[in-house]
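Enquirer: Mind looking over this structure? Questions follow.
The values are calculated or read from the model by the stated rules, or taken from the named source; none is laboratory data. Just so it is clear, the model here is predicted, and its values are computed rather than measured. Backbone-built Cβ (ideal geometry, glycine too); neighbour counts: all protein chains shown. Protein only, heavy atoms only, side chains kept; ligands, DNA and RNA dropped before computing areas. Shrake-Rupley method; radii C 1.70, N 1.55, O 1.52, S 1.80 Å.
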Amino acid sequence: MKVAVVGTGYVGLVTAVCFARIGIKVAAVDKDPNKIQALRAGKSPIYEPGIEDLLRSGIEEGRLTFHTQLAEALENARVVFICVGTPQSQDGHANLDYVFQVASEIGECISLKPRYKDSLIVATKSTVPVGTAANIKKIIEDHLISKAVSSSFEVVSNPEFLKEGDAINDFMNPDRVVIGCHSKETEGVMHKLYGPILNNNDAAWFCMKPESSELTKYASNAMLATRISFINEIANLSEKVGANIDDVKKAVGADKRIGQSFLNPGPGFGGSCFPKDVSALLTLGDRAGEDLKVIRATLQTNQYQKKILLKKISRLFSIDPSDTTQPLADRRITVWGLAFKANTDDVRESISLDLVRDLVRLGAEVVAHDYIAIDNFRTIMSQEAILITYDSDPIKASMNSDLLVIVTEWADYKKIDLEKVGSIMKYKQIIDARNLFSPYELIRSGWMYDSIGRPKDKDKDK
Ligand code: UDX
């Protein structure tokens, strides 16, 4: 079987290299000729552990090709995956311009070269609002150039559930594969396509109406985002009432109905999916006349949490965060972690973006470190004419600092000798938004150490 993949961003590229890996012929297409050129040379435009190995082996073994023309990629393809972006519009809903553009091109291509044997399956992996499969179908029909040509196709929904930094593993070892389609034959083709992945692990297979499949994606992300907002609220409360969120979350998560994952408190959720998809779900509710109160609260709580670091810093230096007289002018603050989470160079909706903007507005001198996201961060800061210093060495970045703020949970930060860091800082002060270190150990060794939802005293270490 051969498939085409439209869009070589995060979702498209992972889909393409993984299908090639399991023996499928894949033709990936992107409008950007530079990207295609780099991909043909085995260079991935995105950082994702393991992706370049799969990219190169797919090319070398002749299963993976890259194109700038959709018509070329569609030749003999049984399934085409739409994997283009659905950015957030001003009013919160998902902007479907790219998806609909691809749909209209598919319509044109399949009518230019009619398929006599098998119909084309058009599968949407992009996260799209409920009802989009039906709209894509209509757009393709409207763009069939000659009505006399028989070009049969079916539109299906096949959402992705890929975490950045672990996307290859998520694709190869999914908890479930979800297909939204109307025909048994199409379900059979999709099942065959995913066969090797399904056979290798306990992945569940769900086939349902396209509307249900589209909603499943939003509901999944909203559920995860809600867990995070929930645990962040309980963490904030823990601080106020003298509880320790480490103990609370473990004991709460031990209930099998609740589970341990996605219960890590932090500085709020970011990234390219949760903020956008939760907003889009809210808009979907508004349009459908259903007020989604829990989802609204999830976003509101996250807005609040995204300012938690600023609040803690303001308290530490006894300043008012809305002060316009640059009250942090004599402070040097080191920020560890610019990516929205560990194992990615993605800074979209990263908490550090807002934090650094606030710190610079308040007059602080900021020195920032990240293992791989500095370039992406610097691009955004330069566009906004925000000047900060970057250091590729986390220890050197803390030189003469009044405060170290840890924003991203890079595992390597935990291995750093904090005594060394403390010896070169102006003051031994850390605000750790990812709870990487033990409060008791640090406080005992003379640090001012604050984290999320944990005690600030040195007495108890159970
Ligand atoms: C998410 C979904 O997990 C994935 O299934 C979907 O397809 C795309 O969106 P991603 O955005 O890559 O993936 O990252 P994820 O690991 O889910 O983290 C999202 C945000 O939540 C990050 O800011 C992360 O730091 C935060 N988070 C996650 C927490 O604050 N606490 C947690 O316990 C988990």
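Enquirer: Consider just the alpha-carbon atoms of segment 352-462 and return their Rg together with their Dmax, both in angstrom.
Expert: For segment 352-462, the Cα radius of gyration and maximum Cα-Cα distance read 14.5, 47 Å.
Enquirer: Hey, can you grab everything whose amide H is under 5 Å from the amide H of K25? Only 5+ residues off in sequence or another chain; H modelled, so Pro and N-termini drop out.
Expert: Answer set, sorted by chain and number: V3.
Enquirer: Accessible area of segment 306-453 with a 1.4 Å probe: how many percent of it is carbon plus sulfur?
Expert: 49
Enquirer: Something else now. Give me the angle, in degrees from 0 to 90, between the Cα long axis of helix 184-193 and the longest principal axis of the Cα atoms of the chain, rounded to the nearest 10.
Expert: Roughly 60 degrees, rounded to the nearest 10.
Enquirer: Counting only helical runs of four or more DSSP H residues, what would the 222 nm mean residue ellipticity of the chain come to if each run contributes -39,500 (n - 2.57) and the total is spread over all its residues?
Expert: The helix contribution divided over the chain gives -13000 deg cm²/dmol.
Enquirer: While we're on this one: Quick check: pseudo-label points 7 Å beyond the Cα along Cα→Cβ at K163 and R357, how many nm apart are they?
Expert: 2.7
Enquirer: Can you give me the angle between helix 132-143 and the longest principal axis of the chain, using Cα atoms only, in degrees from 0 to 90, rounded to the nearest 10?
Expert: 40
Enquirer: Quick one: compute the contact order of the chain, relative version, from alpha carbon pairs under 8 angstrom and 6+ residues apart, as a percent.
Expert: That works out to 11 percent.
Enquirer: Next up: For segment 327-350 and segment 148-200, what is the separation of their Cα centres, given in Å?
Expert: Using only Cα atoms, the two centres lie 37 Å from each other.
Enquirer: Averaged per residue, what accessible surface does segment 161-299 expose to a 1.4 Å probe, in Å²?
Expert: Per residue, segment 161-299 has 48 Å² of solvent-accessible surface.
Enquirer: Using the Kirkwood radius over C-alpha pairs as Rh, can you work out the diffusion coefficient of segment 269-415 via Stokes-Einstein at 4 °C, viscosity 1.567 mPa s, in µm² per second?
Expert: D, rounded to a whole number, is 79 µm²/s.
Enquirer: Working from Cα positions, state the angle (0 to 90°, nearest 10) between the long axis of helix 274-288 and the longest principal axis of the chain.
Expert: Around 60 degrees separate the two axes.
Enquirer: Write down the Kirkwood hydrodynamic radius of the chain, to one decimal in angstroms, obtained as one divided by the mean of 1/r over all alpha carbon pairs.
Expert: One decimal place: 24.0 Å for the Kirkwood radius.
Enquirer: Would you mind calculating the relative contact order of segment 1-117 from Cα pairs under 8 angstrom and at least 6 residues apart, reporting the percent as a whole number?
Expert: Once divided by the residue count of segment 1-117, the mean separation gives 31 percent.
Enquirer: Using alpha carbon centroids, what distance separates segment 226-257 and segment 376-411, in Å?
Expert: Answer, in whole Å: 29.
Enquirer: Please go through the residue pairs K137/K209; K43/K217; K25/K138; K138/K192; K31/K341 and name each one whose alpha carbons sit more than 18 Å apart in this structure.
Expert: K43/K217; K25/K138; K138/K192; K31/K341
Enquirer: Let me ask something else about it. Sorting H182, H369 by accessible area (1.4 Å probe), largest first, what list results?
Expert: Ranked from most to least accessible, the order is H182, H369.
Enquirer: Also, I was wondering about something else. Work out, in µm²/s and without decimals, the Stokes-Einstein translational diffusion coefficient of segment 158-220 at 25 °C, 0.890 mPa s, Rh from Kirkwood over C-alpha pairs.
Expert: So the translational diffusion coefficient is about 203 µm²/s.
Enquirer: If amide hydrogens are placed 1.01 Å from N in the peptide plane, which non-local residues have theirs closer than 5 Å to the one on V80?
Expert: The list, which skips near neighbours in sequence, is A4, I121, V122, A123.
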